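Before any comments, here is the structure.
Each reported figure results from applying straightforward, stated rules to the coordinates on display, with no laboratory input. Small disclaimer: the values here were computed from a predicted structure and weren't measured. So basically every Cβ, Gly included, is an ideal-geometry build from the backbone, and we count neighbours across all protein chains shown.
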Amino acid sequence: MKKSTITILIVLGLLFLIVMKTISWMNSTYDKAINYQENVDKSWGDVVTQYQRRADLIPNLVNIVKGYAAHEQETLTGVIEARAKATSTTIDASNLTPENMQAFQQAQGGLSSALSKLMVVVERYPDLKANQNFSELQAQLEGTENRISVSRMKYNESVKTYNFHIRGKFRKWALGIFGEEDEFPKREMFEAVSENAEQAPKVEF
């Protein structure tokens, strides 16, 4: 076999290996993007679940407070209205636009603020603070606030990993070839929209 033929075969073999390696890398990049995207969706679902858990505790909390402090109507109404706004402001994981995220965070921040005001009111009623049902709800609310904080942190971590992956120059090129247009949009992180938005309402006495 002539040297030129051997050289051509070696070059073709190397090109074949390069092409196969490139395809394998592109496929891996696409699969990772899907996995990271699913992690973001799951993490967002966890965030929503914890906020819903908080919302579910509020009606009983308000009813107990009302039994001891019925004349604190303005504060109680504020909590009820803030809860209604928070539960009606929902976002699907696939539609986490900056505008939607801001609206969601503002609604949840409004509820946190209303709860904080309610807890200030509770300070004036020792009998209410000593009520066993209230104490149990207080503990559940505090635990839920902690879970909200943890779930938001995990969500932001998953978004950071996903956004970094899809924005790399070569990875972005690979995803454009393997995936459909806008299949992997940038996801928004959960950030504070005001100074107090990240602060859980103080429920400890």
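Observations, loosely collected:
- Residue satisfying all of: in the range 13-55; among the basic types (Lys, Arg) and under 25 Å from Val159 (Cα atoms); surrounded by the most Cβ atoms within 10 Å (Cβ to Cβ) among these: Arg54
- In the range 107-129, the residue that is farthest from the chain's Cα centre (by Cα) out of those that are without any contact (Cβ under 8 Å) to a residue 40 or more places away in the chain and surrounded by fewer than 19 Cβ atoms within 10 Å (Cβ to Cβ) is Pro126.
- Within the range 152-170, tally of residues that are buried (at least 20 other Cβ atoms within 10 Å of the Cβ) and either closer than 25 Å to Asn60 by Cα or not β-branched (Val, Ile, Thr) (or both): 4
- Meets criteria (farther than 17 Å from Leu115 by Cα, touching a residue at least 40 places away in the same chain (Cβ under 8 Å) and of a type in the set (Val, Ile, Thr)) for Val48: yes
- Residue in the range 122-131 that is in a helix (DSSP H, G or I) and polar (S, T, N, Q) present: no
- Yes/no for Phe104 being buried (at least 16 other Cβ atoms within 10 Å of the Cβ), assigned to a helix (DSSP H, G or I), aromatic (Phe, Trp, Tyr) and in contact with a Ser or Thr (Cβ under 8 Å, 6 or more places away or on another chain): yes
- Figure legend. Inter-residue proximity from the range 139-151: first residues in contact (Cβ under 8 Å) with a residue 12 or more places away in the chain, second residues of a type in the set (Phe, Trp, Tyr) and in a helix (DSSP H, G or I), beta-carbon distance below 8 Å, spacing 6+ or different chains. Indicated pairs: Ile148/Tyr51.
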